[in-house]
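**Student:** Let me give you the structure first, and then I'll get to my questions.
The values are calculated or read from the model by the stated rules, or taken from the named source; none is laboratory data. What you see is a predicted model, and the numbers here were worked out from it, not measured in a lab. Cβ atoms come from the backbone with ideal geometry, glycine included; neighbour counts cover every protein chain shown.
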Amino acid sequence: MAKIGMIQLCGCSGCHISLLDLHDQLLDLIPNIEIVYAPIIADPKEIPDGIDVFLVEGGVRNEHDEHLLEEIREKSKIVVAFGTCAAYGGIPGLGNLYTKEDLLNTVYSTDTTENKEIPNEEIPELTEVVKPISHVIKVDYILPGCPPCPNIIKDALLAILNGEEPKIPQKIVCDE
Ligand code: SF4
């Protein structure tokens, strides 16, 4: 049984939801996998060793994301950029039109609570830009789409688990 890890970095959870949108077709996957790390489902403290396939949703927006990716790479045989944000930066990449200082000032100057100061403790430092995960670690496969279509996720995962090359369409129109 393959050990699967899943994580959300700078993304919206939509890619995870697309996987859940497989509904009863999840039964095609479940007998083959054991999800051993998935903070969106549970809250494990440590990423375990020996993960077979790690699905990374979201791009890199802060230094904590970078550290997590390095650990994921070290502990995983196959890393998949899961969705457009992880593959290319995606919608959060629009933040690259501005400096991180502009982004922080905009967010906190429109805060309606009394505490309007930009937090500077226990908050990971933002990276200068939003990056695809491949700018930080080696990525084995890219599953594009915002989010990737459920069937494409299933077919790609089954292929990877069988040791085959996943067939990733060059053009995708999601009608599900
Ligand atoms: Fe959300 Fe789309 Fe990014 Fe997935 S690729 S995390 S659905 S914005």
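**Student:** Every residue in the range 80-90 that is assigned to a strand (DSSP E or B) and touching a helix residue (DSSP H, G or I) at 6+ places or on another chain (Cβ under 6 Å), please.
**Tutor:** Once the filter is applied, which keeps residues that are assigned to a strand (DSSP E or B) and touching a helix residue (DSSP H, G or I) at 6+ places or on another chain (Cβ under 6 Å), the range 80-90 yields ALA81, PHE82.
**Student:** Hey, could you check the range 29-46 for residues that are of a type in the set (A, V, I, L, M, F, W, C) and farther than 29 Å from LYS100 by Cα and say which is surrounded by the most Cβ atoms within 10 Å (Cβ to Cβ)?
**Tutor:** Looking at residues that are of a type in the set (A, V, I, L, M, F, W, C) and farther than 29 Å from LYS100 by Cα, I get VAL36.
**Student:** In the list GLU34, GLU101, GLU70, GLU121, which residue meets the criterion of being closer than 18 Å to LYS3 by Cβ and either in contact with a Gly (Cβ under 9 Å, 6 or more places away or on another chain) or of a type in the set (Asp, Glu) (or both)?
**Tutor:** Within the list GLU34, GLU101, GLU70, GLU121, the selection yields GLU34.
**Student:** Within the range 37-57, does at least one residue satisfy the condition of being more than 15 Å from GLY145 (Cα to Cα), part of a helix (DSSP H, G or I) and more than 9 Å from the ligand (Cβ to nearest atom)?
**Tutor:** No, there is no match, as no residue in the range 37-57 is more than 15 Å from GLY145 (Cα to Cα), part of a helix (DSSP H, G or I) and more than 9 Å from the ligand (Cβ to nearest atom).
**Student:** Read through the list (1) within 16 Å of the ligand (Cβ to nearest atom); (2) modelled with pLDDT under 95; (3) under 16 Å from VAL129 (Cα atoms), then give the number of the only condition that ASN96 fails.
**Tutor:** Exception for ASN96: condition (2).
**Student:** Let me ask another. Part of a strand (DSSP E or B), among the basic types (Lys, Arg) and surrounded by fewer than 20 Cβ atoms within 10 Å (Cβ to Cβ) - does that describe any residue in the range 58-68?
**Tutor:** No, the range 58-68 contains no residue that is part of a strand (DSSP E or B), among the basic types (Lys, Arg) and surrounded by fewer than 20 Cβ atoms within 10 Å (Cβ to Cβ).
**Student:** Follow-up. If the requirement is being farther than 19 Å from ARG73 by Cβ, modelled with pLDDT of 90 or more, surrounded by 16 or more Cβ atoms within 10 Å (Cβ to Cβ) and touching a helix residue (DSSP H, G or I) at 6+ places or on another chain (Cβ under 9 Å), which of these qualifies: LEU26, LEU19, LEU9?
**Tutor:** Result: LEU19 is the single residue among LEU26, LEU19, LEU9 that is farther than 19 Å from ARG73 by Cβ, modelled with pLDDT of 90 or more, surrounded by 16 or more Cβ atoms within 10 Å (Cβ to Cβ) and touching a helix residue (DSSP H, G or I) at 6+ places or on another chain (Cβ under 9 Å).
**Student:** A further question follows. Got a number for residues in the range 62-91 being over 12 Å from HIS135 (Cβ atoms) and within 13 Å of the ligand (Cβ to nearest atom)?
**Tutor:** Qualifying residue count for the region: 7.
**Student:** Could you check how many residues of the range 1-36 are away from the ligand (no atom under 16 Å from the Cβ) and in a strand (DSSP E or B)?
**Tutor:** Qualifying residue count for the region: 8.
**Student:** Further question on the same structure: Tell me, please, whether a residue that is at pLDDT 95 or above and on the phi > 0 side of the Ramachandran plot can be found in the range 67-78.
**Tutor:** No, the range 67-78 contains no residue that is at pLDDT 95 or above and on the phi > 0 side of the Ramachandran plot.
**Student:** Among the candidates ASP175, ASP140, ASP111, single out the residue that is at pLDDT 90 or above and of a type in the set (Asp, Glu).
**Tutor:** Selected residue: ASP140, the only one of ASP175, ASP140, ASP111 that is at pLDDT 90 or above and of a type in the set (Asp, Glu).
**Student:** Ok, one more. Would you please list the contacts, defined by Cβ atoms under 8 Å and residues six or more apart or on different chains, that run from a residue in the range 79-97 that is over 14 Å from ILE168 (Cβ atoms) to a residue that is away from the ligand (no atom under 11 Å from the Cβ) and part of a helix (DSSP H, G or I)?
**Tutor:** VAL79/ILE72; VAL79/ARG73; VAL79/ILE133; GLY89/ASN96; GLY95/LEU103
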